[in-house]
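Below: one structure, written as structure tokens.
The values are calculated or read from the model by the stated rules, or taken from the named source; none is laboratory data. Keep in mind that what you see is a predicted model, and the values were worked out from it rather than measured. FYI the Cβ positions are ideal-geometry reconstructions off the backbone, even for glycines, and counts take in every protein chain you see. Protein only, heavy atoms only, side chains kept; ligands, DNA and RNA dropped before computing areas. Shrake-Rupley method; radii C 1.70, N 1.55, O 1.52, S 1.80 Å.
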Amino acid sequence: MQAEISPQQGQELLKLLVNNQLPDQQGRYGPFGGCYAPETLVPALRRLAGEIERYLGDDEFMARLDTQLRTWVGRPTPLTPAPELGRRWGAEVYLKREDLAHTGAHKINNALGQAMLAKEMGAERVIAETGAGQHGVATAAACARVGMPCTVYMGAIDIQRQAPNVDRMYQLGAEVVAVESGDQTLRAAIDEAFRNWVADPHRSYYLLGSAVGPHPYPYLVQRLQSVIGTEARAQMLQQTGELPDVAVACVGGGSNAIGLFHPLLGDESIELLGVEAGGRSADLGENSATLATGKPGVLHGSYSVLLYDDDGQIQETHSVSAGLDYPGVGPEHSLLKTIGRVSYKSATDTEALESLQECCAAEGILPALETAHAFAGARKWAQENPGKRILIGLSGRGDKDMPTLSQHIPNRGAGRS
Ligand SMILES: *Cc1c(COP(=O)(O)O)cnc(C)c1O
């Protein structure tokens, strides 16, 4: 079943999105989104939707959030010109530096905002799930900052693969619970976090890490991450006097991309490009390129595009970058793809690794492997569109990826004897 939207309906939906009139009361972005949650959670999700309206519309709360973003997260993050990449690509390149945000990626914008909201709502503890551990670290830090106990569910396999992040979470005071069920990775961890929340939806707050899940999470995460695009738009105008011709971001669940794109949706002259993980190949199971190859269905409480096989089984995914390794994507992206406002491409593991090395050598910046997919996509776009102004969402820093990098890229300094 493919969602059909006429071009005229598409234009109307885009106008609603730009005017912040989507999602609708049911949490729908056109045909996508909604709230497919267990009965027991529906009251908690309804209450959350109400509290979001209340607090994100409250000047006093927003001023406090803004102060924390400035003084603790380090916002605004810089907009950095990348002249050597520009010379190599035949373009003008600018980088929005979320790698310089506290804990090293955009994830802290969302974790901090939700932790503050949880505190306001009177929750006594925060529950979160994490795959690669980056969202767990951001959540642990934000919870410590606002003074709230925090339990992070993490697949047993991921705990082994991501040991340094597990240690960071412990140091920041979080309790990390190993999930031994299901696939023992992110998908099982999300199921377990939801189960735990169902058991105590009043005293606990579920802090979700990407623009996915049942309504109102995709909307809440978009609102909290839109600081990226709002700042970048103003910085482009201030530093260059012009808007970019294209804005490019990597897409896992879609939070850094929606944060960059959403404030630019109304600028018709700006092309928007999301880059997914093309993994080893285009075959099902060999990548995480959800929008490129998936079909609509329900996962983790939301109707969106997913990777599943002919029997309806959710697919195992693969990407060299753990943060993109998820078989779903946020519902706003599914709508933006369907109406053609954003185009989605993929970059393979190999292309991402090459682009990571290119960014290191050209600009002295080690991006995250997730982010490297955006660089690979931007580079291809530049080849097809010479002489343009390109804005890249640099979602995070690559220090966490050193174990993977040393496996894939021979260390020129090693072996001296
Ligand atoms: C988690 C992560 C991503 C992917 O998540 P989105 O929700 O798609 O943004 C991308 N980049 C970095 C650095 C990450 O840590």
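The table that follows gives values for the structure above.
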| item | result |
| --- | --- |
| Matching residues in the stretch 1-38 - criterion: being at pLDDT below 95, hydrophobic (A, V, I, L, M, F, W, C) and not assigned by TED's automatic domain parsing to the domain that holds P218 | M1, A3, I5 |
| Subset of the stretch 165-188 that is within 21 Å of the chain's Cα centre (by Cα) and not polar (S, T, N, Q) - its residue that is surrounded by the fewest Cβ atoms within 10 Å (Cβ to Cβ) | R168 |
| Condition met for L112 (modelled with pLDDT of 95 or more, more than 25 Å from Y55 (Cα to Cα) and either within 16 Å of the ligand (Cβ to nearest atom) or in the same structural domain as P367 (by TED's automatic domain parsing) (or both)) | no |
| Check on A193, closer than 18 Å to Y326 by Cβ, in contact (Cβ under 8 Å) with a residue 60 or more places away in the chain and not hydroxyl-bearing (S, T, Y) | yes |
| Restricting the stretch 218-277 to residues that are open to solvent by less than 10 Å² (accessible area, probe 1.4 Å), out of contact with any strand residue (DSSP E or B) (no Cβ under 8 Å at 6 or more places or on another chain) and more than 9 Å from the ligand (Cβ to nearest atom), the residue that is nearest to S334 (Cα to Cα) | Q222 |
| All strands (runs of 3 or more DSSP E) inside the stretch 246-311 with 2 or more residues being at pLDDT 95 or above and closer than 19 Å to A105 by Cβ | 246-250, 271-279 |
| Complete set of residues in the stretch 300-336 that are open to solvent by 20 Å² or more (accessible area, probe 1.4 Å) and more than 24 Å from N165 (Cβ to Cβ) | Y303, Y308, D309, D310, D311, G312, Q313, I314, Q315 |
| Criterion: in the same structural domain as K388 (by TED's automatic domain parsing) and either open to solvent by less than 50 Å² (accessible area, probe 1.4 Å) or on the phi > 0 side of the Ramachandran plot (or both) - qualifying residue of L41, L79 | L79 |
| Members of the stretch 194-213 found to be more than 16 Å from the ligand (Cβ to nearest atom), surrounded by 24 or more Cβ atoms within 10 Å (Cβ to Cβ) and closer than 19 Å to V329 by Cβ, listed by number | none |
| Leading residue by the ranking (farthest from the ligand (Cβ to nearest atom)) among those in the stretch 129-171 that are in a helix (DSSP H, G or I) and β-branched (V, I, T) | V146 |
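For every residue, the table says whether it meets (1) open to solvent by 60 Å² or more (accessible area, probe 1.4 Å); (2) out of contact with any Pro (no Cβ under 9 Å at 6 or more places or on another chain); (3) in a helix (DSSP H, G or I).
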residue: E4; (1), (2), (3): yes, no, no
residue: G10; (1), (2), (3): no, yes, yes
residue: L14; (1), (2), (3): no, yes, yes
residue: L22; (1), (2), (3): no, yes, no
residue: Q25; (1), (2), (3): yes, yes, no
residue: Y36; (1), (2), (3): yes, no, no
residue: R47; (1), (2), (3): yes, no, yes
residue: R54; (1), (2), (3): yes, yes, yes
residue: F61; (1), (2), (3): no, yes, yes
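Quick grid of which residues meet (1) within 16 Å of the ligand (Cβ to nearest atom); (2) under 28 Å from G241 (Cα atoms):
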residue: S334; (1), (2): yes, no
residue: L353; (1), (2): yes, no
residue: A378; (1), (2): yes, yes
residue: N385; (1), (2): no, yes
